[in-house]
Amino acid sequence: MSAYQFQPPHPENLMRVPMDDVNFQGKRVLVRCDFNGTVKGGKITDTTRIDAALATVLHVLDNGAAQVVILSHNEKHAKIEKDPVVYSLGPITEYLTVKLGVSVDFVSGFSHPIVSGSRVVLMENVRNDARDEGKDTAASEAYAREIIAATKHDVYVLDVFRVSHRGQASVTFLASIMQNRGKLAVAGHLLRAEYKWFIEKIIEHPAHPFLVFLGGAKVSGKGGKLQILEALLPN
């Protein structure tokens, strides 16, 4: 039985401690980025999301972190399962090395503690394991604990707004377990900026009239498009 009751942390909770106030000196830091859709079939197809993550990673490095471990997903497990090589994040390694100015190692899994002399480590696609986005809470928690055991990080930085609310092993489970252990789980620069913009510009002080474009398949249910429209209509 779980030692704690899982409660997905609201993005706001992760922003209570500004990242600028965190002492990263000598710490191992896990940064959850969003590189989804950036690479396919061994080639980088779009660098936009990689570039957007650089500010947070560089901030952690510049403030003395002993090591930064980068975590991300790329596509859903159902697609990856057919050919994991197609959605491997490996090709990003060289690009990150150039952009960050430090050697970046690539690690393929979470089965053992990471042993790397590089200050930056890029982990393989977390969606290679179905437990990352599965509906089995116990399985997702177990996967999150495996990630923690492998990365041995002291601080968790969530820097992806799009999935910050989802009960996924590499997102809310990691944050919840870290906080439960009395360790820091904070929002990165990108998450903070996107969340602040969304709340201030769309929810609290929207300019009228405004136009909303909604896409995707999730229409009804919790977090679906209808629920979003209902929240926006009074504004």
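General observations
- For segment 13-163, the solvent-accessible area of protein heavy atoms averages 44 Å² per residue (probe radius 1.4 Å; ligands and nucleic acids excluded).
- The angle separating the long axis of helix 48-62 from the principal Cα axis of greatest extent in the chain is about 60 degrees.
- Cα lying deepest toward the dipole's positive end in the chain, options 189, 65, 140, charges on Cβ: 140
- 5 angstrom amide H check on residue 39, placed H, neighbours 5+ away: 45
- Pair residue 111, residue 162: separation of 7 Å Cα→Cβ label points (nm): 3.0 nm
- Between residue 135 and residue 94, the simple spin-label model (points 7 angstrom out along Cα→Cβ) gives 4.2 nm.
- Accessible area of segment 1-158 belonging to carbon and sulfur atoms, whole % at 1.4 Å probe: 51 percent
- FRET E, pair residue 149, residue 58, Förster distance 22 Å, beta-carbon r, rounded to 0.05: 0.25
- Inter-probe distance in nm under a simple model that places probes 7 Å from Cα toward Cβ, at residue 17 and residue 231: 2.6 nm
- Per-residue ellipticity at 222 nm computed for the chain from its helices equals -8500 deg cm²/dmol, with DSSP H segments shorter than 4 residues left out and the rest contributing -39,500 (n - 2.57).
- Simple point charges give the picture: +1 on the Cβ of Lys and Arg, -1 on the Cβ of Asp and Glu, and for segment 110-235 a dipole about the Cα centre of about 60 debye.
- Over the chain, Cα pairs under 8 Å with separation of 6+ residues give a relative contact order of 23 percent.
- Computed from backbone phi with θ = phi - 60° and the Karplus coefficients 6.51, -1.76 and 1.60, the 3J(HN,Hα) list for segment 112-121 is 9, x, 6, 10, 8, x, 6, 6, 10, 10 Hz; x is used for glycine and proline.
- Each of 122, 106, 96 was scored by the projection of its Cα onto the charge dipole of segment 81-163, and the greatest displacement toward the positive side belongs to 96; charges sit on the C-beta of Lys, Arg, Asp and Glu.
The values are calculated or read from the model by the stated rules, or taken from the named source; none is laboratory data. Everything numeric here is computed off the predicted structure, so don't read it as measured data. Note that each Cβ is placed from the backbone with ideal geometry, even for glycine, and that neighbours are counted across all protein chains shown. Side chains are part of the model used for accessible areas, which takes the heavy atoms of the whole protein and leaves out ligands, DNA and RNA. Shrake-Rupley method; radii C 1.70, N 1.55, O 1.52, S 1.80 Å.
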